[in-house]
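The values are calculated or read from the model by the stated rules, or taken from the named source; none is laboratory data. Note that the coordinates shown come from a computational prediction; the quantities given were computed from them, not determined experimentally. Positions of Cβ are backbone-derived with ideal geometry, glycine not excepted, and every protein chain shown enters the neighbour counts.
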Amino acid sequence: MGLWEKIKKSTGEGVSNVGRETTELMSKIEGLVEKVKKDTADFMTKVEEEVEKRGIKERAAEVDSDLREGAERVKEGMATAAERAADTARAAKLRLEVMDLERKIRADFAEIGGKVYDLLEEGTKPGYVLRNKEVRSLIEEVRAYEKEIVGIEKKLKKLRAA
């Protein structure tokens, strides 16, 4: 395997690993949010049971109200933090996608340059280089990647605005 092939393989594996890790992180964050919601509900249930068990009727309504309000604030704060963390993870994943597409564009540019060089060395006239099927195909591929990047950047802009 030549140096160019090794570099392409190494770069691809690194981007793939980061994408996988980002997906795993998002999954963990969502799991934590669900756990906090469940723990808060469980806590409130235990408080209600304890109030009933101890027979604390005179202050039960006040304590219950205060605890519910506090638990609701904690729940809202955790939900907001989780949403922000999930948005950050989504944005990171989108930025990784852009980086991967930019890497593919760089590889195509290198391939185009090598192909043009080979064609010129073979005696192809400069005006005919762009008519070569491989060169045209690579150029179209680069344009498709550019369109994908524009779409991803629009998604990133929406995430930032939210």
*Kindly check whether there is at least one residue in region 11-28 that is among the acidic types (Asp, Glu), in contact with a helix residue (DSSP H, G or I) (Cβ under 9 Å, 6 or more places away or on another chain) and modelled with pLDDT of 70 or more.*
no
*Scan region 91-101 and give yes if some residue there is free of Cβ contacts under 8 Å to residues at least 40 places away in the same chain and part of a helix (DSSP H, G or I), otherwise no.*
no
*Please verify whether region 82-93 includes one or more residues that are among the polar types (S, T, N, Q) and at pLDDT 80 or above.*
yes
*Matching residues in region 91-133 - criterion: being among the basic types (Lys, Arg) and under 18 Å from residue 159 (Cβ atoms)*: 93, 95
*If you go through region 112-160, how many residues are loosely packed, with under 12 Cβ neighbours inside 10 Å and assigned to a loop (DSSP other than H, G, I, E, B)?*
3
*Filter region 138-162 down to residues that are modelled with pLDDT under 95 and either small (Gly, Ala, Ser) or touching a His at 6+ places or on another chain (Cβ under 7 Å) (or both), then give me how many there are.*
2
*Given (1) farther than 30 Å from residue 33 by Cα; (2) surrounded by 12 or more Cβ atoms within 10 Å (Cβ to Cβ); (3) more than 33 Å from the chain's Cα centre (by Cα), number of the condition residue 102 does not satisfy*: (3)
*If you check every pair at least six apart or on different chains, which have Cβ atoms under 7 Å apart with a residue in region 119-145 that is more than 19 Å from residue 107 (Cβ to Cβ) first and a residue that is not in a helix (DSSP H, G or I) and not polar (S, T, N, Q) second?*
none
*In region 63-99, which residue that is farther than 12 Å from residue 36 by Cα and of a type in the set (Asp, Glu) is farthest from the chain's Cα centre (by Cα)?*
64
*Within region 29-46, track down each residue that is under 27 Å from the mean Cα position of the chain (by Cα) and surrounded by 12 or more Cβ atoms within 10 Å (Cβ to Cβ).*
29, 30, 32, 33, 36, 37
